[in-house]
Structures are given as C-alpha cells and as structure tokens.
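*Asks:* Here it is: the structure, laid out below.
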Amino acid sequence: MAGLPMAGLGVRVAQAWQAARSVMQFGEFERDGDIRRLRRAADVADLRRIARRRLPRGCFDYIDGAAEDEISAARSVAAYRGWQFRPRVLRDVSEVDISGTVLGAAVPIPLVIAPTGFGRIAHSAGELAVARAAQRAGIPYSLSTMGTRSIEEVAAVCSGRKFFQVYVWRDRALMADLLERSAAAGYEAIMITVDTAVLGRRERDVRHGFSLPPKLGLDTIIDGLTHPRWLLDFLSNEPITFSNCRGASGGAGADAVALADYINSQFDPSLSWDDIEWFRDRWDGPVMLKGVLSPADAKIAADMELDAVIVSSHGGRQLDSAPAPLECVPAVRDAVGDRCEVICDGGIRRGSDIVKALALGADSAMIGRAYLYALGAAGETGVDWLLDYFVEGMTRTMRLVGVRSTAELAPDLLERV
Ligand SMILES: Cc1cc2nc3c(=O)[nH]c(=O)nc-3n(C[C@H](O)[C@H](O)[C@H](O)COP(=O)(O)O)c2cc1C
C-alpha cells in the first residue's frame, strides 16, 4: 500500500512528459551561425539589434549614427508612419506585379542599393557581398567613391547593373580617372552626390574618436576583444583602404584619418551646376543627382536633362533638420513631371515603405542602413535575406491594399495619419 502514491506520481510524470512531447518540437541544430541568427530575425530592427551586438561600438555607431541630434535620421524613418493606406477590397489580387523600372530598364522590384563607404567595417566581404546579392535579386548596386573595394573588384564579381557614386574631389584628374575606370568596367550610370559640400558633424564618431580606416588603437583593441569574431575577421583580411582613391593627393586611406578632416580637405565645396556639365561632357551614360530635396533644384536638374534625381538627406548624416525625403517626393515629382526619374532614399525599412514612396510619386526607392545591418548581422546571407524580405513585404502590402501592379500606385492610396 505504501508504494501506491509513488506509483501514481510515476504515472502522472509519464503522462505529463507525453503531453509535453506532443507540443515540443526540436528542430535540427543549425550549424551555420548566419542562418541561425536570421531564423530569429523578423525585420530590419532585429537585424540592427544583431549587428549592434556583433560589431565593435565605434563601427556600429559609424553605420547607425547621423549628424548632430540625429533629428533628420529619425524623421526619415518616422515619415513612413505618418501615412496610412486607404485599402480597397475584392480586387482579385491572386497575381501581383511588383516590378518597376530604374533608369528606364525593368527591375523585379523598384529598389536600388545606395552607395555607402567603408562596407568592410560591417563585414570583411563588404561591397563584394552586397554587389553579389544585388545581382541575384536583379537590382542595381551603387558603389561609393569611398568604397573599400575598387571599381574593378566589384565589377569582377557582379555582372549585374552597377552605378558609380561620385564625390567631387578637388583633384579633377582623379575624377576623370574614376569616370574612365567606371566606364571601362561596365558601370551603367554615375550618381553625383551633391549634399556633401563639407562633411556633416557625426557626433557619435566625434565621441569615439573614430577614424577611417579603423585604426588599431587601444580603444579598438579593447572593443575588439569583446567582439572577437569581428577582430579576427578584421585582422585576418587585407587592410581596409579607400580602394578607389589610391593615388589621391592627400592620402589614399592607408593611414587612419578622421573622416571629417580627410573629406573636408579633399572634397570640393565650390561645386556648382556648371560642374555638373563637366561631368556630362565626360560621361557617356545616364547622370543622377543624389541629395536633392528642393523642387526648385529638381527642376534645374530636369531642365538640364539629367536622368534622375535622388531625393535624399544622406540618411540624415549631413544637414541635421533637413526634411524627411518621403515628404519631399510629391513636390519633386510635380517639379520634374515625367522628364526625369525620382528615387526616394532614406528611412526605408519595410516593403510597405517602398509602396508608400511609389504611391507618393517616386519611381523607385533606395536602401542604405538596412543592408549594412544585414551585412553586419549575417554577412552575404543576411543581405539575401533582406532583399527577399523587401520582395515579400512589398507583395503582401500590395495584396492587402488591393493593388495589382506598381503602375496602379497613386497618391489616393494614402492619407495622412
Ligand atoms: C555607413 C554609411 C555610409 C554612407 N556612405 C555614403 C557614401 O559614401 N556616399 C553617398 O553618397 N552616400 C553615403 N551614405 C548615404 C546613403 O547612400 C543613403 O543616402 C542613406 O543611407 C539612406 O538612408 P537609410 O540609411 O535610412 O536607408 C552612407 C550612409 C551610411 C549609413
């Protein structure tokens, strides 16, 4: 008799175990760390969190940070929340076409990879990984003048569409050389960045004493020791340099310099509309202007028959309190009509953001930080994941809004919150 309660307990434990087993699921352990991390990610904010954990603070803050109080950066993202959809129903959305055009040529999703400097601080594969992922997704890749892989290195791994982003150096011989090399390597268009007369004051970088390429001072080593995988990746690969500007007067990036000092000594603050003609005379393909926010400037660009204006505040990294690009799109579209393309750049974190930018008048959208977070979180696999996430998000949003193709996207689809 004394053993019976124990037996009862045993039965109850066995029953509980069986019940637990019926609801427990143990998948196979995923050996690939990138895939494992991505399985726990649902959106760009998750990629950002993972990248923040994996990168040394100075590197993460260089990517994530912006100018001064970071008002423009925050508003660029928040602007998308200031608009809500006016969905329609019963419209047979079994087939939805999210394709669009960039510079007149078809793309499976109207999305462009923005130029960002120093890609290799996020991951050693840097620009090459992003360019390959862009090619797989069928979208154009923009290489920055300040890239850590050269024009030719990127072209060697990416036969897809490529744009070269131009920062206008005082040294015009260097500029002419960059244009020649881009043309020879098969870049389709140039994108002249016009919002960087001087470098914006990025105060996170000021606080960290951040230099580019990152120098291995005591701070970086201590920071690196708490991020050993990044440190190993950094040390076991060739030094990070400004690959495109080798031979530039004032240094080619072999020595660590404060970015602001370097840029302010090299970039030409006297840049004016006349210089844009200089580029047109030397570049045979399409020319885009990156960093236009005012309809008056957009109109001049259209009058000059430039091919695209990129409505952008440089991700809030230049002039703080510049307006959110999304808010500038309708007036810019009115100013240029259909004379040139309008690309909305800044704050895009979801497929629904692309839908909103297109509905307000953009032809396509461009992403910067989103893919750098993806790269920092999970390398090339992370960028593939991100581009799929945008395709899936844009498709789902269009279905839920009741729109079958990007051609149907119009302002009446949206209203202010
Ligand atoms: C880390 C970083 C580096 C950048 N480097 C460049 C650059 O070299 N040239 C340029 O024209 N824009 C540069 N940008 C701006 C981007 O091209 C783009 O305008 C901006 O990232 C868009 O905002 P988003 O990050 O919210 O998508 C950079 C942006 C970031 C975040």
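*Asks:* Taking segment 341-373 as the search range and keeping residues that are touching a helix residue (DSSP H, G or I) at 6+ places or on another chain (Cβ under 6 Å) and under 15 Å from residue 137 (Cα atoms), which one is surrounded by the fewest Cβ atoms within 10 Å (Cβ to Cβ)?
*Replies:* So the residue we want is 351.
*Asks:* Counting only residues that are of a type outside the set (Val, Ile, Thr), closer than 16 Å to residue 349 by Cα and buried (at least 19 other Cβ atoms within 10 Å of the Cβ), how many does segment 66-85 have?
*Replies:* 7
*Asks:* If you go through segment 24-78, how many residues are touching a Phe, Trp or Tyr at 6+ places or on another chain (Cβ under 7 Å) and over 29 Å from residue 259 (Cβ atoms)?
*Replies:* Going through segment 24-78 one residue at a time, the tally reaches 1.
*Asks:* Scan segment 95-123 for residues that are within 15 Å of the ligand (Cβ to nearest atom), in a loop (DSSP other than H, G, I, E, B) and of a type in the set (Gly, Ala, Ser) and report the count.
*Replies:* 3
*Asks:* Can residue 310 be described as near the ligand (Cβ under 10 Å from one of its atoms), within 26 Å of residue 405 (Cβ to Cβ) and either modelled with pLDDT under 95 or touching an Asp or Glu at 6+ places or on another chain (Cβ under 8 Å) (or both)?
*Replies:* Numbers: near the ligand (Cβ under 10 Å from one of its atoms): yes; within 26 Å of residue 405 (Cβ to Cβ): yes; either modelled with pLDDT under 95 or touching an Asp or Glu at 6+ places or on another chain (Cβ under 8 Å) (or both): yes.
Yes, satisfied.
*Asks:* With respect to residue 364, determine if the residue is more than 26 Å from residue 404 (Cα to Cα), within 15 Å of the chain's Cα centre (by Cα) and within 14 Å of the ligand (Cβ to nearest atom). Steps first, answer last, please.
*Replies:* Values: more than 26 Å from residue 404 (Cα to Cα): no; within 15 Å of the chain's Cα centre (by Cα): yes; within 14 Å of the ligand (Cβ to nearest atom): yes.
No, not satisfied.
*Asks:* Are any residues in segment 326-348 near the ligand (Cβ under 8 Å from one of its atoms) and either assigned to a loop (DSSP other than H, G, I, E, B) or farther than 18 Å from residue 109 by Cα (or both), and if so, which ones?
*Replies:* 346, 347, 348
*Asks:* Now, a different point. Just wondering, is there one or more residues in segment 399-416 that are out of contact with any Gly (no Cβ under 7 Å at 6 or more places or on another chain), among the small types (Gly, Ala, Ser), more than 28 Å from residue 119 (Cα to Cα) and in a strand (DSSP E or B)?
*Replies:* Yes, there is a match, as at least one residue in segment 399-416 is out of contact with any Gly (no Cβ under 7 Å at 6 or more places or on another chain), among the small types (Gly, Ala, Ser), more than 28 Å from residue 119 (Cα to Cα) and in a strand (DSSP E or B).
*Asks:* Can you list the helices (runs of 4 or more DSSP H) lying wholly within segment 4-89 that have 3 or more residues being more than 14 Å from the ligand (Cβ to nearest atom)?
*Replies:* 4-23, 33-39, 44-54
The values are calculated or read from the model by the stated rules, or taken from the named source; none is laboratory data. From a predicted model like this one, the values you see are computed outputs, not experimental measurements. Here Cβ is always computed from backbone atoms with ideal geometry, including for glycine, and neighbour counts include all displayed protein chains.
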